[in-house]
Amino acid sequence: MFSAIFSLLGLSFSLNTSVGRPLSLVTTLASTGLLAVSTVLLLSGPASAEANAPALAAAFLMALRAFGVVLLPPRGDHSGVPQAGWSVLLALLAAGAWWWIFDRAQAPVALAAALLLSWPQLIDGINAFADKVFHKAALAAGARDIAPGTFTKVAQARDILIDKAAVMSGPNLMVTNVMAFNNEPKTLLAVAASAEAGSSHPVALALRELASQWQVALKMPDRFEPTPGLGVVALLGGQTVVIGTTDLLKRLKIDSFTADAIARSLEADGKTVLRVAVGGRVVGVLGLEGTLRQDAGVAGMALRKEGLVPWLFSGDNPNTRSALAGMLGLELTEDPKPGETAQEAAFRCFPDTAPLVLTLSQDRMALELRQAVAPEADRPDAGNSPLAVSNTDDIGAFPALKALAMRRNLLAVHARQVLSGLWLCAGLSGASTFLPLSAAPVLFGICLLVLWTFARFSVADTLHRNE
């Protein structure tokens, strides 16, 4: 009865997870088999301790499995079913050896003890235990709002796409160059700022701020049409004003040869260069730049040191992107498509490797680490919430998170090896009836102590290396 109660408790925690479900079902099946053995033995002869041993083992088996699921909820990609299969095989061999070679009356005891003591009660919960221990270390490193499964995903990632906005010291841009071809710079600025008068884009904010400083009067455009990733088209005073990249001008069949020649020197310095065309003719060039974070280059090197290849995502032209990537020590991806987000670019460039994406949050108040997903899966119910978040001035939290994730995975592997060896020894001792069934709870406690010791020393070593 108690076994059934605990089994229901265990199943309620693990059947809804793809990892916990298999081992819980196999445990239930093994317990049912032990109960059947006890039933057959009791029906075929007088009651004895040997006949009751399988039923007692079934109760222990389900109770300890339930405790394991409650204490260490199954998580990760290791189900423990192979270890359970070897445990069943060991138990059958032990029972057969006692039946044919030694004392037949002890065969049920050997079967029950070998199965119970070698059963992998905790193996699919090791990842959850490691997450719990390393979560505190990640918080100390600056990461917060760490989602379940983050450590596994970060450890498996090999590439990280860094949005340009994430390496800037703030969302604001500054106009550094106003180069008019045939008019005064103030005239060019007045046209550009007026065309962007109704926009909240950082470029529009920078233009209006400079116009205010130069005391340039602005007008509201009659029509405003933004083109994401390329620029804007506005109607101002009966004339069409185009502000954007050379790709936008080519799309509108506007010759920008002269402007492109002037823009190359600005783009080589990592500046964003916009062409301004009025009435189908280019009349000037605007140069804008933001302030790079002082620790952006260091963060890129730290990510590379931890085994992640950092890539730059920027909607700028190739020359500007190349200059920025060189300054920050980042790799360059393929040219982004117009209006493409960092998430979409990551999935397009690395469709088979599940890369990470580091972006600025929508409210520009935090940095977000996400895993790239298909564009059609970019929905709230598709699991595309941030893996981790940090303050905007703490980009170094993510290299530390990668280091902790790798260390945590190493802990999980070593813990599985040690516990598997411990269960094997205990199973062999049970098969030889050297250890009784009552040793199972003690073994369970020893396994928890082993996990705690592993995690304690692993986190301490990791924090010491990061200091």
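A few comments on the model shown:
- Enumeration of residues in region 292-306 that are open to solvent by 30 Å² or more (accessible area, probe 1.4 Å) and under 17 Å from the mean Cα position of the chain (by Cα): Arg304, Glu306
- Subset of region 236-255 [surrounded by fewer than 18 Cβ atoms within 10 Å (Cβ to Cβ) and at pLDDT 90 or above]: Thr240
- One residue stands out among those in region 307-347 that are hydroxyl-bearing (Ser, Thr, Tyr) and assigned to a loop (DSSP other than H, G, I, E, B): the one that is nearest to the chain's Cα centre (by Cα), which is Thr341.
Every residue, every condition in (1) part of a helix (DSSP H, G or I); (2) not aromatic (Phe, Trp, Tyr), yes or no:
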residue: Thr32; (1), (2): yes, yes
residue: Ala36; (1), (2): yes, yes
residue: Leu41; (1), (2): yes, yes
residue: Pro46; (1), (2): no, yes
residue: Ala55; (1), (2): yes, yes
residue: Phe67; (1), (2): yes, no
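- Region 178-190: number of residues that are outside any helix (DSSP H, G or I) and free of Cβ contacts under 8 Å to residues at least 24 places away in the same chain: 1
- Restricted to region 400-459, and to residues there that are crowded, with 18+ Cβ neighbours inside 10 Å and of a type in the set (D, E, K, R), the residue that is farthest from Thr152 (Cα to Cα) is Arg416.
- When Leu139 is tested against the conditions (1) at pLDDT 85 or above; (2) open to solvent by 30 Å² or more (accessible area, probe 1.4 Å); (3) hydrophobic (A, V, I, L, M, F, W, C); (4) more than 16 Å from the chain's Cα centre (by Cα), the lone failure is (4).
- Of all residues in region 211-235, those being closer than 17 Å to Arg275 by Cβ, surrounded by fewer than 20 Cβ atoms within 10 Å (Cβ to Cβ), at pLDDT 85 or above and not charged (D, E, K, R) number 1.
- Verdict on Leu330 being at pLDDT 75 or above, out of contact with any Asp or Glu (no Cβ under 6 Å at 6 or more places or on another chain) and either open to solvent by less than 50 Å² (accessible area, probe 1.4 Å) or farther than 21 Å from Ala147 by Cβ (or both): yes
- Val133 vs. criteria open to solvent by 10 Å² or more (accessible area, probe 1.4 Å) and among the hydrophobic types (A, V, I, L, M, F, W, C): yes
- Number of the exception - Ala193 against (1) more than 39 Å from the chain's Cα centre (by Cα); (2) open to solvent by 20 Å² or more (accessible area, probe 1.4 Å); (3) without any contact (Cβ under 8 Å) to a residue 60 or more places away in the chain: (2)
The values are calculated or read from the model by the stated rules, or taken from the named source; none is laboratory data. Everything numeric in this text was worked out from a predicted model, so none of it was measured. Cβ coordinates were reconstructed from backbone atoms using ideal geometry, including for glycine residues, and neighbour counts include every protein chain displayed. Heads up: the accessible areas ignore ligands, DNA and RNA and are worked out on the full protein's heavy atoms, side chains in. Shrake-Rupley method; radii C 1.70, N 1.55, O 1.52, S 1.80 Å.
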